[in-house]
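What follows is a single structure, written as structure tokens, with notes after it.
Every number in this text was worked out from the coordinates using simple rules, so none of it is lab data. Please read all numbers here as calculations on a predicted model, not as lab measurements. All Cβ positions, even for glycine, are placed from backbone atoms using ideal geometry, and neighbour counts span all protein chains on display.
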Amino acid sequence: MGAGLLTGVAVRAEDIVVQFPGGKTPALAGVSFRLEPGDGLLVTGDEGCGKSTLLRVLVGVVRPSYGSLSLFGGPAQASFARRRLGFGPETRPFPSGLRARDVLDLVALVRGYPGTDAGAVLERVGAGGVAMRRVERLEVEDSRRLSLACALIGDPDLIILDDPWEFPETIDEITVARARGAAVVVASPDPGGFPALLGRTLTLDHGAGVA
Amino acid sequence: MNARRVAALAAADFRALLRRRWMLYAIVVGVVIIVLVALSADTSIGTSKLDDLRRGGASVLLLGGLAVALVFGGSAFERDRTSGHLGMMAAAGAAPAEIGLGRAVSRLVALILVMASWMAAIAVAAGALGYGVDARFLVHGAATILNMSLVLGGTVMMASLIGAWAAGGFGLIVYISAQAIVNIQSATDQGVISSYGGVVRAVSAVLPNAVVAPVITEMQLRNVAGPAAPRLEIDGKVIAVTPSNTYEVLLAIVWVGIFLLATAGGLRRRQL
């Protein structure tokens, strides 16, 4: 967080291979790319091509079977790297019973930003009105906005969005983030306006691709 | 392991549990059954009123506690893992061990809350029937909470490794084996079983024992304890299940701790 820290390579992925147990073919078959601060990257391809797997590798949920990945010049699992990374997940990964605000408070606490004003972050993404609404009662659109809000907590240096909707707020936040030096990775099966917004595209085909 | 993160994850899971209606239903259904038990006991004559209330209350604590422990433990991970929530927490920087421990702690607190509400209802019922605070039965209630904590611990530990139903099966085995150890140990101590005494004592000293309160032993001997402690006979000889000593209580607490820590380790092996 903070422009002063934005030096060096944000992401260096070299020949990433992910082979899930029991899988006949690798989910990722040698993916390489490099992101400098302020860079953007759209990851696209057909359903099942490995987009979400690649993002899960970047956020540390899936470990590569082969290849190397570094974030901000260090190991991807290092706590300093996690703290500088914001992730907006796909679908609705929010546990029923929590309010939208609770989800953001939880993500903020886990990421190490306990003083975050969750209401303000929701306002930024156009979801200020649903702060006290339980997540299972959110419209799909509001869920996608909440996902975007999760990624913005702490104004991270690397923003990773899995299948975001192309709201005006999404475009604004990506533009602003890149302008302040944050790298942005977006995975989407339907590129829409993202290629122009992000500058570079990585098209995956059966888990393989180079940006 | 970051204690602050574990506390945040536990608090969020507990808050979500509190807002789900079935937790409220568990509390309400238990309290309603206890009220009905108390009304039924009120129609009894003499000292059996207290026995009736204790028998009904012990049944609610045992059977209801088992159900709640198995459901809370078994459901700790599966749905949120499938939905991607656990992965989202891992992406935010929570270690799998922190997620596992946070969940286990919140489920344990929820179980204690539900069972404590039932115990409060039993205490109020005892007062309404004119027996004041039934301190002896409160000890039994605390013992049952500890036993159900063992069940929940075993269940949540297995739920971190395998599916919810299989985890529930393991939790049930934990309870059955803990109770069996106590029964066999009591039978050995009372000379009803003479073989393998050393093995029984060794197993009893290491594996979790079900914690038994004095009041339930006394009720069991009079055959008024109901499903919570049915009369135990071997070769026609009545076995008095021995009330737990301090070591056995501490052993059960240690095993709950072991299960919780193993839960933290278990989740590290799963794809979040």
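Expressed as cubic angstrom per residue, what is the convex hull volume of the alpha carbon set of region B:1-95?
112
Which whole DSSP H helices in chain B pass both tests: a Cα extent of 30 Å or more along the axis and a mean Kyte-Doolittle value no lower than -0.5?
Qualifying helices, which must be both long enough and hydrophobic enough, are B:21-42, B:96-128, B:135-159, B:164-189, B:246-267.
Can you compute the modelled spin-label distance between residue B:131 and residue B:3, with each label point 7 Å from Cα toward Cβ, in nm?
4.1
By count of other Cβ within 10 Å, fewest leading, how are B:137, A:33 ordered?
A:33, B:137
Expressed in whole Å with the largest first, what are the equivalent ellipsoid semi-axes of region A:1-126 derived from the C-alpha gyration tensor as the square root of 5 times each eigenvalue?
Numbers: eigenvalues 149, 80, 35 Å².
Taking √(5λ) for each Cα gyration eigenvalue gives 27, 20, 13 Å.
When only Cα pairs under 8 Å and 6 or more residues apart are kept, what is the percent relative contact order across region B:181-272?
Working: 83 pairs, mean separation 28.3, N = 92.
Relative CO of region B:181-272 lands at 31 percent.
Over chain B, what is the relative contact order in percent, taking alpha-carbon pairs closer than 8 angstrom and at least six residues apart?
25 percent.
How large are Rg and Dmax for region B:144-232 when only the alpha carbon atoms are used, in Å?
So, for region B:144-232, Rg and Dmax equal 14.7, 43 Å respectively.
Under 10 °C and 1.306 mPa s, how fast does chain B diffuse according to Stokes-Einstein, given a Kirkwood radius computed over C-alpha pairs? Answer in µm²/s, whole number.
In µm²/s, the coefficient is 81.
Calculate, in whole percent, how much of the Cα-Cα pair population of chain A lies beyond 27 Å.
Of all Cα-Cα distances in chain A, 28 percent exceed 27 Å.
Using only the Cα atoms of region B:85-242, build the gyration tensor, take square roots of its eigenvalues as a ≥ b ≥ c, and label the shape rounded, prolate or oblate: rounded if a/c is under 1.5, else prolate if a/b is larger than b/c, else oblate.
Oblate, because a/c is 1.5 or more while a/b does not exceed b/c.
Tell me which of B:14, B:220, A:60 sits at the most positive position along the dipole axis of the protein assembly as shown, charges placed on C-beta atoms (Lys, Arg +1; Asp, Glu -1).
Positive-end residue among those listed: B:220.
Any idea what Rg and Dmax come out to for region B:1-53 if you just take the C-alpha atoms, in Å?
Using the Cα atoms of region B:1-53, the pair Rg, Dmax is 19.1, 57 Å.
Between residue A:167 and residue B:179, what is the label-point separation in nm under the 7 Å Cα-to-beta-carbon projection?
5.2
Which whole number in µm²/s is D for the protein assembly as shown by Stokes-Einstein, with the Kirkwood Rh taken over Cα pairs at 25 °C and 0.890 mPa s?
Reported coefficient: 98 µm²/s.
Rg/Rh for region B:211-271: what does it come to with C-alpha atoms and Rh from Kirkwood?
Rg/Rh: 1.23.
On a C-alpha basis, how far is the centre of region B:222-272 from the centre of region B:163-178 in Å? Whole number, if you could?
So the separation of the two Cα centres works out to 12 Å.
Restricting to DSSP H runs of at least four residues, report the calculated mean residue ellipticity at 222 nm for chain A, -39500 (n - 2.57) per run over all residues, nearest 500 deg cm²/dmol.
Values: 7 runs with 62 residues, N = 211.
It comes out at -8000 deg cm²/dmol, rounded to the nearest 500.
Could you line up B:244, B:59, A:68 from fewest to most neighbouring Cβ atoms inside 10 Å?
By the 10 Å Cβ count, ascending, the order reads A:68, B:59, B:244.
What distance in nm separates the simple spin-label points at residue B:189 and residue B:79, each placed 7 Å from Cα in the Cβ direction?
Distance between the two pseudo-spin positions: 4.2 nm.
Treating the angle as unsigned and between 0 and 90°, give the value, to the nearest 10°, between the Cα long axis of helix A:100-111 and the longest Cα principal axis of chain A.
50
What FRET efficiency would be calculated for the residue pair residue A:123, residue A:65, taking the C-beta separation as r and a Förster radius of 41 Å, to the nearest 0.05? Mind dumping the intermediate values first?
Details: r = 42 Å, r/R0 = 1.02.
According to the calculation, E is roughly 0.45.
Relative to the compact-globule scaling 2.2 N^0.38 Å, provide the ratio for the alpha-carbon radius of gyration of region B:54-149.
Against the compact-globule rule of thumb, the ratio is 1.39.
What is the pair-distance distribution P(r) of region A:16-63, computed from all Cα-Cα distances in 5 Å bins starting at 0, with each bin given as a whole percent?
Per 5 Å bin, starting at zero, the Cα-Cα P(r) for region A:16-63 comes out as 5, 18, 28, 29, 13, 5, 2, 1 percent.
Can you give the FRET efficiency for residue A:200 and residue B:165, using 1/(1 + (r/R0)^6), R0 = 41 Å, r = Cβ-Cβ distance, to the nearest 0.05?
Between residue A:200 and residue B:165 the formula returns 0.30.
In Å and whole numbers, how far do the C-alpha atoms of region B:140-196 stretch along each principal axis, longest first?
If we take the Cα atoms of region B:140-196, the spans are 42, 27, 12 Å.
So how do A:160, B:184, B:45 line up by other beta-carbon neighbours within 10 Å, fewest first?
By the 10 Å Cβ count, ascending, the order reads B:45, B:184, A:160.
Test of understanding: extend the Cα→C-beta vector of residue A:25 to 7 Å, then name every residue of region A:187-205 with backbone N under 15 Å from that spot.
Flagged as within label range: A:204-205.
Plugging the Kirkwood radius over Cα pairs into Stokes-Einstein for region A:120-193, at a temperature of 25 °C and a viscosity of 0.890 mPa s, what D comes out in µm²/s?
D = 194 µm²/s.
Based only on the alpha carbon positions, what is the Kirkwood hydrodynamic radius of region B:64-103, in angstrom? It would help to have the intermediate numbers written out before the result.
Working: mean 1/r = 0.0917 Å⁻¹.
Result for region B:64-103, one decimal place: 10.9 Å.
Lys and Arg at +1, Asp and Glu at -1: add these up for the other residues within a Cβ distance under 12 Å of residue A:110 and post the number. Spell out each step's value before the answer.
Working: positive: A:82, A:83, A:111, B:4, B:5; negative: A:105, B:98.
Neighbour charge sum, excluding residue A:110 itself: +3.
Could you name the lysines in cross-link range of residue A:51, using Cα to Cα under 29 Å and dropping any fewer than eight places away on the same chain?
Candidates past the 8-residue exclusion: A:24.
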